[in-house]
Structures are given as C-alpha cells and as structure tokens.
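Undergrad: Structure incoming, see below.
What follows draws every value from the coordinates through simple rules; no lab data is involved. From a predicted model like this one, the values you see are computed outputs, not experimental measurements. Using ideal geometry, Cβ is built from the backbone for each residue, glycine included, and neighbour counts are taken over all protein chains shown.
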Amino acid sequence: EIHIKEPIEKEVNPHLLPGELLLCEASTVYKYMQEDGSNRGTYGKLVCTNFKISFLDDDSASDDNEPQFKNKIVGENDITLQCVDQIYGVYDEKKKLLTGQLRKYPEKLIIYCKDLRVFNFCLRYTKEEEVKRIVSGIVHHSQTPKLLKRLFLFSYASAAPNNTDGRNQTVMFETLEDWRDELERTKGNVKYKAVTTNEGYRVSERLPLYFVVPMCISEESILKYDGRGIPIWCWSCHNGAALLKMSAFPKEQDDSTSQTQKAFLDGIYKTISKPPYELLKVDDLSSSLPSLQDIQTAYTRFKQLFLIDNSTDFWATDVKWFSLLESTNWLEIIRRVLKKAIEVAECLEIQHTNVVLIEESATDLCCVISSLVQVMMDSYSRTKSGFQSLIQKEWVIGGHCFLDRCNHLHKSEKEEAPVFLLLLNCVWQLVQQYPPAFEFTETYLTVLSDSLYVPIFSTFFFNSQHQRDTNKSGESLKTQSGPFRFLTVWDWSVQFDPKAQAFLNNPLYAEKPKPDKSQRKTARFKHQRQLSLPLTQAKPSTKRGFFREETDHLIKNILGKRIGKFINCSDEPPNSLREFYESWHSKPVDYHGLLLPRIDGPEIKVWAQRYLRWIPEAQLHGGGTIATAAKILDLMEEVQSLQVKMDEERSQAVSGDVHSVPMLRNSARLSSLFPFALLQRQSVKPALPTSTWKDLEDEDDLVKRDDEFVDLSGDML
C-alpha cells in the first residue's frame, strides 16, 4: 500500500540565491519518508542547480509549519552539491553506485549526504526524458571533478550584494596587527615576534602572509628552506612556555642534504632551548598519532552506522551496536588525540617546557592538537568569538587544506580526510563534559560542521591564504570587474535569524569574573601547590561489575566503547602524566582555568546530536537535552520580562529578543532530534526471533556476552 499526497497542481519554483542557476528538473518525483515499510511520502519536483539539489512539494510553497531552527540558505529538502557523499540507483531492487556516464537509468535514486541525511526518490512515475536529465545532471554536477572557479562560491560572490553584518568580533589574522594583538593578549611578545618576511609569498605559498617566530630566528633562516624547519608560534601559556609547530623536512633525501638540514635544525633548537631556563620538547605527530589514511578509514566505517536507509536496517545494527561501533576505531582515535593534547598541556603547565609539534606540512594534526590545547588551557578559546578566532588562526590562515581534505572538487580521494571534523568531535567531548565552561553549545558545533559543505562562505573552501588571495580577482567572470566579496562563515546572520541563533549560545555559560591582579596570582599559586599533593585513592577497576550496575546509564548515554579496552590498554600514560591527570580530576573544576577531558573507558562518547539527528528511531519524545533547554529558556524569558518591567526605558533592558523562544514552552511536542527535526512518527521496533529474546532474558548472561549491550526498550540511543 502506498500512502501519497496528490501530485502538485500549482507550480512550485525553487528559491534561487544570487548567482544560482536552474540546470535541470523533473516533475512527478515521489520522495519517500525514511522507509518504515509503508512507502509513505509525497509527490513533488526534483531540481538541480549550480548550488544544490532540491525537492519541492506543495509544502515548500507555504510558510506553515516552518521549522523554528530554519537555515536561510539550505532548506530541509535541499542538499548542496558539496554535501552529496554518494548516489545509488536501484535497478530491480538492487543498489548500484552511480558515477560518470550512465547507460541505464534507475527507477529509484538514493542520495547519501555528508551531514548523514538520506534521501530516497522514486522515479517510476516520472517521464523518461526527465529521468535521464535529472539523474545525469545530479551525478555530473555532484560527483565529477571540477575546477576551483566552477564552485558556486564564485558565482555567489560575484552576484550577491555586499551587506554583511559588520558586528563580527572574530579576529581574522589577516593583518600584522592581529598577530601583534594576539601576542600581547597571551604575553608572548617578550620572546616572540610577528614577521613580514612572507609578504608577497616570497618565502612560501603554503605559509600565511604574517606569522610569529621566536625573537632569535633571523630572516635568512626563514628564507633558507622555504619556511621548513622553522618553529612557528601558536600560543603562549601564562608561565611563559609556548606551543609551536614546524613543518618537517622530507624524509627521503640523500645523506649530504639530510646532514645539512639536521645541522640547521640543531642550530634552531639551540637558540630556543637554554636549560635550565628554557626547556624544549619536540613531538613528531606523524609517529605518535594515527595517519590521515587511518583517520579517513575509521570515519568511513563509522559514518556507515548512521546512514540508515530504513527502520529494519536500524534495528538490525541495534543488536550489535557496541561491537560495530568499536570495530570502526573512530572513538579510539578521538581518545588518542585527546590524550596527546593532555600530554602537551602537562609539558606547558607543569614542566614549563616549550613544545614543538612536528608534521610534514604542519597543517593537519598540528592544527588539531594546537587548537585542542588552547581550548583546554585558554578560557578565551571557549568563548564563541575566541573559538572562531582560534579556527581562523590555526586552520584558515594556518593553511589547512580544506579543499583537498573535504574533497570539494572531487579530484583525489587519496587526499580526503575528516581532520577538521576530528577536532570538532574532540571539542564536543569537552563541551558535553563541562557545559558551563563554553559560551557556545553542541548545536553550534553541529551547525559549524554542516557549514563545511555550504559553498557561499570562503572559510572552508581554500587550501591556503595564498590560494584564496590569488583567486580573489574576478577577471574571468563577465559580471565582475573587481575582486570577489567572499563571505565568512562567522557571520551567522547569513544562515540564521536572531531566534535561531539563540540555539548557538549557551544560556548556562559561567562568564569569567574580573578579579584584581592579587587574586589572580593567588589562584595560580594555589593551583600549582595542589598539583604536588598526594594523589587521592584511585577508583577500583571498573570491569565486569561496572556493567551490571550501570548498564542502563551506559546505554542511555550512547557509549561507544567496551570499557575493558581502555582499562587494559597497552599505551598507558607515563606516571607523571597519569599523576597530572588524576590530580587535576581530584579537584573541583575551575571553568575558567585548565580543563582536562576525561578519556577513560566510557567517557569518550558518540556525538549524538550530529550523528543521530535524522534517525527517527533514535529520538526521545519530549526528552533529551531539549527538555532541559526548554526549561532554562522559559526561565530566562520570565526573568527578562521582569527586567523590562523594572527598567524605566525599554532600551535599558537586557535584550530579550535573542533568547526568547515561545515554541519551546511545550517541550512535550519536541523530541531529542530538535532543533534539527521536529516531532516525528513513533518507530515500532520489529519483533526479534524467540531465540534472541531467550538469550537476552538473564542479566548475568548479558554481562558475559562479547557484545555486552543489547537494548530491550528501544531507548539505547
């Protein structure tokens, strides 16, 4: 039985952005809901533009039931071309990956997206000519290699009006003054200097125009090897120790060249390391962390668990959820990266040692570790503007190859790796462990991850500052004579109105007080003294008994790893690091001081909001974090209304517009998928075979199974 709406009678046209062109379309396309066996859905029109693939039904024409958290650029049924992961065609009930030229056209189209949405379109009732046009168009424009200037980024920049919000507080690090201000903010200007050696990119195209190096480094040294072997400053700790990064020399070279380069490096290290006053630790990340290929492989396996076609598939994976999750190795990589960041923090904070992170290009894992260390050690990086400035400094200006790592141009899958996504997953672990320490929410991080695939912002669509600058001229486009006016992703008003932006701000953020200098010194001394105290009694090893006592809690929190792996892991931290870690966790948390993530066992979790938000089976009706958020926002609204009454003039009131969210009053109507999806159908769990139920009846048996957790209530996620 097929439950359908009547085909559209009135003409529905796509909403086109400036510079967006309609390329092909097909009418009478049937879009299934996420399949649950009933084939429910709606008829509409499927269109492809130079920006997105879009499905238009009669609901698209009305503003009724418009979601509260609406993205102004990408709608609920829109997929940007860069967000398309894979496209499958169904031929006689068999799925086949679609790439390049097609000889035969499918009766059904399945589009898997990089933000983990899955779209199912039936083309059985569509005219044959329209099927050929739309399928060929979608595959060609989303899957085949393209030139950089063919990205929609350039079409939009040449046609869009330049009326962006000027109130953006993010430091862009495009000027020498920005770097000098950052040096002054971190008190690093005593030992480090901002240099102009790379103006005109005469040193290297992969380095930014301006960067910071130790005072003792000469211009000749920077020029000698195109910037390689030069420690570039990232951040200075309050005690004067600094975090630096360095691009390594190529490993495969002849002996004489290697000897010369080694002598050069030794000279550089001697200028920085002056025991006992200035200590130095060099950390080669390529040997201590997983390779980019390992990260890509793990994430490819991991995301398959969430690209769910139908309800049956979901419940099939549910039975082996933990072993499937562990086999991806994604959470283990997150744990290893967090552990490395703790090691670096311990060197800076306790040992007062400068740390140099080394990597081949210093633009991948160096960016991850340096960013994480700053989020953990610098409370400014936990504010919204501070975090955005950090991403600009370490990633955008720092030269992370977003174009290659996200494979935006579909040129080489060998270069693809979710490095920036790995950082966001690690930051999310900290956000969910210490919510009051962050000015932004997990929704902010989720939206930021989605923005990787929205090609109207230049932020994530270039490999370097040089590439961005050289492609800024609009000479190749007839409509543009001057340079392109690229948007930055940090202007959130482009994507969201003020009410939607409220979900990006944490209402429970503990703002930093402004103590006098004597208080600040006392607090720092106390912190260091406490670290030297004897350790508290360690918690008993949480092996099998832990499962028996905490099964329900673990399941509901979507834990992603069998605990034994962490307890008995072979790469246990050295004693000093373990002492630092346990000593810090034995004290009350200072939300404006050092933050160390908990990395043992079940503390590393799945980022539920990002990975489960499109799966109806995973929702908690009227529950999840939205229930808490609803109450908090209600209370804030009440406080703000009282403030308005108390103030003589409305202009003196605390602004109530941003956090006023009337729809949240009835949180029972919402689910844990909110704000990305409204209340959806209740999923019915299919019956399991009797033999399976029998296996699950006894809790002791459940504990002894290799796949420890099987949820009987459907609330595992």
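Undergrad: Quick one: which of 347-358, 260-271 comes out on top by average Cβ neighbours within 10 Å, and what's the full order, highest first?
TA: Averaged packing, sorted descending, gives the order 347-358, 260-271.
Undergrad: Determine, at each q value in 0.21, 0.32, 0.33 (inverse angstroms), the log₁₀ of I(q)/I(0) that the Debye formula gives when each Cα of region 204-244 is one equal point scatterer.
TA: Listed by q, the Debye log ratios stand at -0.70, -1.23, -1.27.
Undergrad: Continuing with the same structure: Roughly how many whole Å is it from the C-alpha centroid of region 288-347 to that of region 193-266?
TA: 34
Undergrad: So between ALA316 and ASP491, what do we pick up on full extension, going 0.36 nm a residue minus the alpha carbon distance?
TA: Contour length minus Cα-Cα distance gives 58.8 nm.
Undergrad: On to the next question. What is the sum of charges around ASN50, taking Lys and Arg as +1, Asp and Glu as -1, for the other residues whose C-beta is under 11 Å from the C-beta of ASN50?
TA: For residues surrounding ASN50, the net value is +2.
Undergrad: What is the ratio of the Cα radius of gyration of region 222-276 to 2.2 N^0.38 Å, with N the residue count, to two decimals?
TA: So region 222-276 has a normalised radius of gyration of 1.30.
Undergrad: Let me ask you something else. With viscosity set to 1.306 mPa s at 10 °C, what whole-number translational diffusion coefficient in µm²/s follows for region 237-324 from Stokes-Einstein and a Kirkwood radius over Cα pairs?
TA: Result for D is 88 µm²/s.
Undergrad: In angstroms, what radius of gyration and Dmax does region 81-138 have, counting Cα atoms only?
TA: Cα-based Rg and Dmax for region 81-138 come out at 11.0, 31 Å.
Undergrad: Can you pull out the trypsin sites (Lys or Arg not before Pro) in region 72-137 that DSSP calls coil and that have at most 13 other Cβ atoms within 10 Å?
TA: Numbers: sites: LYS72, LYS94, LYS95, LYS96, ARG103, LYS104, LYS108, LYS114, ARG117, ARG124, LYS127, LYS132, ARG133; in loops: LYS72, ARG103, LYS104, LYS114, ARG117, ARG124, LYS127.
Here the trypsin sites (Lys or Arg not before Pro) that fit, given the DSSP loop and packing criteria, are LYS72, ARG103, LYS104, ARG124, LYS127.
Undergrad: Give me a comma-separated list of calculated 3J(HN,Hα) values for region 318-323, in order, Karplus coefficients 6.51, -1.76, 1.60 applied at θ = phi - 60°, integers in Hz, x for any Gly or Pro.
TA: Listing the rounded values in order: 4, 5, 10, 3, 6, 5 Hz.
Undergrad: Once you have the alpha carbon radius of gyration of region 400-481, what is it after dividing by 2.2 N^0.38 Å, with N set to its residue count?
TA: 1.37
Undergrad: Taking R0 as 56 Å, what's the FRET efficiency between ASN575 and ARG40 from their Cβ-Cβ distance, rounded to 0.05? Before the final figure, lay out each step's value.
TA: Working: r = 60 Å, r/R0 = 1.07.
Approximately 0.40, to the nearest 0.05.
Undergrad: May I pose another question? If amide hydrogens are placed 1.01 Å from N in the peptide plane, which non-local residues have theirs closer than 5 Å to the one on LEU673?
TA: LEU620
Undergrad: Out of residues 5 or more away from ASP85 or on other chains, whose amide H comes under 5 Å of its own, with H placed 1.01 Å from N in the peptide plane?
TA: Sorted by chain and number, the residues that satisfy this are TYR112, CYS113, LYS114.
Undergrad: Within region 188-221, list the trypsin sites (Lys or Arg not before Pro) lying in a DSSP loop whose Cβ has at most 11 other Cβ atoms in a 10 Å radius.
TA: ARG202
Undergrad: Less than 12 Å Cβ to Cβ from LEU176, Lys/Arg counted +1 and Asp/Glu -1: what total charge do the surrounding residues give?
TA: Once all neighbours under 12 Å are counted, the net charge is -4.
Undergrad: Separation between the LYS262 and LYS94 pseudo-spin-labels, each 7 Å from Cα along Cα→Cβ, expressed in nm?
TA: 5.9
Undergrad: Any idea how far apart ASP634 and HIS15 come out in nm if each label point goes 7 Å out from Cα toward Cβ?
TA: 3.0
Undergrad: How about region 98-127: which chymotrypsin sites (Phe, Trp or Tyr not before Pro) there are in a DSSP loop, with at most 14 other Cβ atoms within 10 Å of their Cβ?
TA: Those that pass, being in a loop and sparsely packed, are TYR125.
Undergrad: In addition: Translational D (Stokes-Einstein, µm²/s) of region 125-245 at 37 °C and 0.692 mPa s when Rh comes from the Kirkwood sum over C-alpha pairs?
TA: The diffusion coefficient I find is 176 µm²/s.
Undergrad: Right, another one. Sorted from largest down, what three extents in whole angstroms do the Cα atoms of region 177-239 have along their principal axes?
TA: 32, 20, 15
Undergrad: Let me ask something additional. When the Karplus curve 6.51 cos²θ - 1.76 cosθ + 1.60 is applied with θ = phi - 60°, which whole-Hz ³J(HN,Hα) does each residue of region 17-26 get, with x for Gly and Pro?
TA: 7, x, x, 8, 10, 6, 9, 7, 8, 9
Undergrad: Three principal axis extents, largest first, for the C-alpha atoms of region 191-286, in Å?
TA: So the three principal-axis extents are 40, 32, 25 Å.
Undergrad: Between SER136 and HIS621, what is 0.36 nm times their sequence separation minus the Cα-Cα distance? Round to one decimal in nm.
TA: 170.6 nm
Undergrad: Let me ask another. May I ask you to evaluate 6.51 cos²θ - 1.76 cosθ + 1.60, the Karplus curve with θ = phi - 60°, for each residue of region 139-146 and list the ³J(HN,Hα) values in order in whole Hz, giving x for glycine and proline?
TA: 5, 5, 7, 10, 10, 9, x, 9
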